[in-house]
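As C-alpha cells, the structure follows; a few thoughts come after it.
The values are calculated or read from the model by the stated rules, or taken from the named source; none is laboratory data. Keep in mind that this is a model prediction, so the values were computed, not measured. Neighbour counts are summed over all protein chains in view; Cβ atoms, including those assigned to glycine, are modelled from backbone coordinates with ideal geometry. For accessibility, only protein heavy atoms count, side chains too; no ligands or nucleic acids. Shrake-Rupley method; radii C 1.70, N 1.55, O 1.52, S 1.80 Å.
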Amino acid sequence: MSSYFTGVTVVTAIDGNGRPHGMTCSSLTSVTLTPPTLQVCLDVRSGTLAALREQGTFAVNLLHEGSREAAETFASARPDRFELVTWRPSKRHGLPWLCDDSYAMAECRVVDTLTVGDHVAVFGRPVGVENGVGRPLLYGRRGFTGVPADAIAS
Ligand SMILES: Cc1cc2nc3c(=O)[nH]c(=O)nc-3n(C[C@H](O)[C@H](O)[C@H](O)COP(=O)(O)O)c2cc1C
C-alpha cells in the first residue's frame, strides 16, 4: 500500500478536559453521499482515538502542500504538537481547525466504529465545514509531494 498515493489530513479531537489531540492520517475515505459519511482508520493505541471516542466528535483537516512540517509534527510522539501550529476552535463543536495548514476542514459526529485488527474504522457525519486556501499535500512511497502545477486550478 506504500505505493498508493493519498492526500494527507490531521484528525483532531478534544478530550473531556478540553485538551486538544491530533494525528496525521492518510486513511480518509468518502464512504456514502446519502447520508454524507466519511471514514478514517485509526490505530487502537492512538490518543486521538481515545479523545474522539470520549466526545463522539472529530475533525478532519485537509493539509495543503506547504504543511509537510505539520504532517511530520502530528505523526510524531511530541506532546506539544498544538503549540507548534496555529489553530482555532471550529464553529459547531470547538474542534481544532489547523487554519494555517489546511485548505479545508470538516467537523464530524461519530456515527459508527468498527475494530479490524489493530485499527478502528471510524465513520463520521460531517456537520460543518471550514474553508482555507491552498493545494493538496500528497503522501506515497514514504514521502510527501505536491500536485503538479498544471494539474488543478487552485
Ligand atoms: C503520512 C502519514 C499518514 C498516516 N496515516 C495514519 C492513519 O491513517 N492511521 C493511523 O492510525 N496512523 C497514521 N499515521 C501515523 C500517526 O500519525 C502516528 O502514529 C501518530 O503519532 C499517532 O498519534 P497519537 O497516538 O498521539 O494519536 C500516519 C503517519 C503519516 C506520516
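Observations, loosely collected:
- Stretchable slack from T32 to S2, in nm (0.36 nm times residue separation minus alpha-carbon distance): 8.3 nm
- Distance between the pseudo-spin-label points of T145 and A121 (7 Å out from Cα toward the beta carbon): 2.8 nm.
- Of V31, L42, L98, farthest towards positive along the dipole that unit charges on Lys, Arg, Asp, Glu beta carbons give the chain: V31
- Qualifying trypsin sites (Lys or Arg not before Pro) for the stretch 97-154 [loop in DSSP, other Cβ within 10 Å: at most 16]: R141, R142
- Label zone at R92 (point 7 Å along Cα-to-Cβ), backbone N below 20 Å, the stretch 118-150: 122-133
- Per-q log10 I(q)/I(0), the stretch 6-142, q = 0.13, 0.19, 0.22 Å⁻¹ (Debye; single scatterer per alpha-carbon; no solvent): -0.47, -1.09, -1.52
- Cα-projected label distance for C99 with E72, points at 7 Å along beta-carbon direction, nm: 2.6
- Carbon/sulfur fraction of accessible area - the stretch 6-142, other protein chains in place, 1.4 Å, %: 50
- List F82, F74, ordered by accessible area with a 1.4 Å probe, largest first: F82, F74
- Accessible area per residue in Å² at 1.4 Å probe, computed on the stretch 6-142: 51
- Estimated 222 nm signal from helices in the chain, with DSSP H stretches of n ≥ 4 weighted -39500 (n - 2.57), rounded to 500: -2500 deg cm²/dmol
- Where Rh is the Kirkwood radius over Cα pairs, Rg/Rh for the stretch 65-154: 0.99
- Percentage relative contact order, the chain, counting C-alpha pairs under 8 Å, at least six apart: 28
- Using a cutoff of 8 angstrom between alpha carbon atoms and counting only pairs six or more residues apart, the relative contact order for the stretch 82-128 works out to 29 percent.
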